[in-house]
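S.K.: One structure follows; several queries about it will come next.
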Amino acid sequence: MSGQINAFEMAQKQFDGVAELLNLDPQIAEVLRWPMREYSFRIPVRMDDGSLRVFQGFRVQHNDARGPNKGGIRFHPSETFDTVRALATWMTWKCAVADIPLGGGKGGIIVDPATLSVHEKERLCRGWVQNMWKNIGPRNDVPAPDVGTTPQMMGWMMDEYSKLSGQYTPGVFTGKPLGGGGSEGRTEATGYGVIYTVREAMKHLGIDPKESVAAIEGFGNVSQYAAIGFVEMLGGKVACVSCWDRNEKKSFTYSHKNGVNPRFLLTITDQYGTIDKAKAQDAGYVIEDGEKWIEKECNVLIPAAIEGHVNGDTVKKMSKSVKIVAEGANGPCTPEADEFFKKNNIFDIPDFLCNAGGVTTSYFESVQNDMNFYWTKEEVLQKLDTKMTQAFHGVLNMSLKEKVYMRDAAYMVAIDRVVKAMQLRGWV
Ligand code: GLU
């Protein structure tokens, strides 16, 4: 959290503010401030050299009033129970705002996956499932990829669950590889979803996409396709991307005088999102410190790495021309950053709206798994565009009607839907 507020405290603080705005019954608010169920477990893994290492695993199920818990599993060296709690809470709001019939969950393991061999990763994935399989499933909790996890890992996890339960159950994990129960369009979904919401925000604000420049943080799955979408769908320019260099254990910003070419950068990026420096330099890229991305001249800022990077300190370095902040990551902007955006009339597309394209396509994946009938990529992306556009306008209308900030409006839409589902089920 970059020395800032703890992520779960931040999630609760955001929720408390809106609960007050909504005049929510304090007893109902108390139900929603906390996850419904939490699991913490140790995973012993036999390493390739014969030694035994024990990893810490988590799963948090925040709320399943609207349907099975849904959310990714992160493999991250600084994962904590509280980050998983925060992320699980945000998943509840994300599914509700996207209006998909799912609840919120999140999982994690404290590990840097880049330090493991393929077989060690596979054993770790299977170990996570051996701990959790009785508490997940297509009708109660459906995990997916997130930071540090991949479609291949979801394939192993689905296989382990199917073996343990004695039935081929593709719908227990989403984000699986194509040909292994995955959906067309899932890889592009989160990044493209970010761009569908940016497109709608530009229409609303009267900004010409072709004259637009984006500064993007990160070059993982979300940023890669957000960058591609910004260039190919909107016709805009991407000033820079940043990436975590796993060899040097720090991040760098990559920019190019003509705008970055994300398709080229993809060809020189490894599976962990580290861009090859020498090849980038040969192609005319300027490589600077990882913090520099936020200072680049642009009108659209897309933080799409991890939580807390746009905060009270960094926000002051932002280009004065920024009109839109599109939160591709989960929780990238702290409450201090929100205050700055409000004061400076910057239009924020909050994380659980902006990056809902991933989970929405996960939902499409589980629907296809249930039907055992698969859609084309065009069908998936068309359905995704429709859902994201509806979600964006639902929140925008609430924001205009109630004269509230976009994040508060998104919370109002989401909390309203979850409370209604709890009431209809007689929980509260
Ligand atoms: N990990 C993604 C997210 O934070 C996707 C979750 C999912 O597909 O279930 O939204």
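S.K.: Count, please, the residues in segment 386-404 that happen to be surrounded by fewer than 18 Cβ atoms within 10 Å (Cβ to Cβ) and not basic (Lys, Arg).
M.R.: 8
S.K.: Do we find that THR150 is within 13 Å of the ligand (Cβ to nearest atom), at pLDDT 95 or above, out of contact with any Cys (no Cβ under 7 Å at 6 or more places or on another chain) and under 27 Å from ASP245 (Cα atoms) in this structure?
M.R.: yes
S.K.: Among (1) in a helix (DSSP H, G or I); (2) within 13 Å of the ligand (Cβ to nearest atom); (3) buried (at least 24 other Cβ atoms within 10 Å of the Cβ), where does THR187 come up short?
M.R.: With (1) in a helix (DSSP H, G or I); (2) within 13 Å of the ligand (Cβ to nearest atom); (3) buried (at least 24 other Cβ atoms within 10 Å of the Cβ) applied to THR187, the lone miss is (3).
S.K.: So which pairs qualify, if the first residue must be in segment 74-99 and more than 11 Å from the ligand (Cβ to nearest atom), the second must be among the aliphatic types (A, V, I, L, M) and assigned to a loop (DSSP other than H, G, I, E, B), the Cβ gap must be under 6 Å, and the two must be at least 6 apart or on different chains?
M.R.: If the second residue must be among the aliphatic types (A, V, I, L, M) and assigned to a loop (DSSP other than H, G, I, E, B), the pairs left are PHE75/VAL111; HIS76/VAL147.
S.K.: Taking the conditions exactly as written (surrounded by fewer than 24 Cβ atoms within 10 Å (Cβ to Cβ) and under 15 Å from GLU365 (Cβ atoms)), does PRO151 satisfy them or not?
M.R.: yes
S.K.: Same structure again: How many residues, within segment 100-118, are of a type outside the set (Lys, Arg), in a strand (DSSP E or B) and within 15 Å of the ligand (Cβ to nearest atom)?
M.R.: Total meeting the criteria: 5.
Yes/no per residue for (1) of a type in the set (Lys, Arg); (2) within 15 Å of the ligand (Cβ to nearest atom); (3) over 20 Å from LEU102 (Cβ atoms):
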| site | (1), (2), (3) |
| --- | --- |
| GLU120 | no, no, yes |
| ARG126 | yes, no, yes |
| ASP141 | no, yes, no |
| ASP146 | no, yes, no |
| ASP159 | no, no, yes |
| GLY166 | no, no, yes |
| THR169 | no, no, no |
| VAL172 | no, yes, no |
| GLY180 | no, no, yes |
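S.K.: List the number of the failed condition for ARG85; all other conditions in (1) outside any strand (DSSP E or B); (2) buried (at least 24 other Cβ atoms within 10 Å of the Cβ); (3) of a type outside the set (Asp, Glu) hold.
M.R.: (2)
S.K.: Restricting attention to segment 24-49, which residues are exposed (fewer than 11 other Cβ atoms within 10 Å of the Cβ) and under 30 Å from VAL419 (Cβ atoms)?
M.R.: Matches in segment 24-49: PRO26, GLN27.
S.K.: Run down GLU295, GLU307 and say which single residue is surrounded by fewer than 23 Cβ atoms within 10 Å (Cβ to Cβ) and either under 19 Å from SER242 (Cα atoms) or of a type outside the set (S, T, N, Q) (or both).
M.R.: GLU295
S.K.: If you don't mind, another one. Could you identify the single residue in VAL172, VAL194, VAL142 that is under 26 Å from VAL300 (Cα atoms) and either crowded, with 22+ Cβ neighbours inside 10 Å or in contact with a Ser or Thr (Cβ under 7 Å, 6 or more places away or on another chain) (or both)?
M.R.: So the residue among VAL172, VAL194, VAL142 that is under 26 Å from VAL300 (Cα atoms) and either crowded, with 22+ Cβ neighbours inside 10 Å or in contact with a Ser or Thr (Cβ under 7 Å, 6 or more places away or on another chain) (or both) is VAL194.
S.K.: How many of the residues making up segment 259-274 are buried (at least 19 other Cβ atoms within 10 Å of the Cβ) and either assigned to a helix (DSSP H, G or I) or within 21 Å of the chain's Cα centre (by Cα) (or both)?
M.R.: Adding up the residues that qualify gives 5.
S.K.: Which condition from (1) more than 16 Å from the ligand (Cβ to nearest atom); (2) of a type outside the set (A, V, I, L, M); (3) under 16 Å from the mean Cα position of the chain (by Cα) is the one that LYS203 breaks?
M.R.: Looking at each condition in turn, LYS203 falls short on (3).
S.K.: Just to confirm my filter: which helices (runs of 4 or more DSSP H) fall fully inside segment 295-400 and include at least 1 residues that are closer than 23 Å to ASP416 by Cβ, within 13 Å of the ligand (Cβ to nearest atom) and in contact (Cβ under 8 Å) with a residue 60 or more places away in the chain?
M.R.: Result: 351-354, 357-371.
S.K.: Pick out the one residue from LEU52, LEU21, LEU116 that is of a type in the set (A, V, I, L, M), in contact with a helix residue (DSSP H, G or I) (Cβ under 9 Å, 6 or more places away or on another chain), over 22 Å from ASN355 (Cα atoms) and surrounded by fewer than 17 Cβ atoms within 10 Å (Cβ to Cβ).
M.R.: That would be LEU21, the only listed residue that is of a type in the set (A, V, I, L, M), in contact with a helix residue (DSSP H, G or I) (Cβ under 9 Å, 6 or more places away or on another chain), over 22 Å from ASN355 (Cα atoms) and surrounded by fewer than 17 Cβ atoms within 10 Å (Cβ to Cβ).
The values are calculated or read from the model by the stated rules, or taken from the named source; none is laboratory data. Since this is a predicted model, take the numbers as computed values, not measurements. Positions of Cβ are generated from backbone atoms using ideal geometry, with glycine treated the same way; all protein chains shown enter the neighbour counts.
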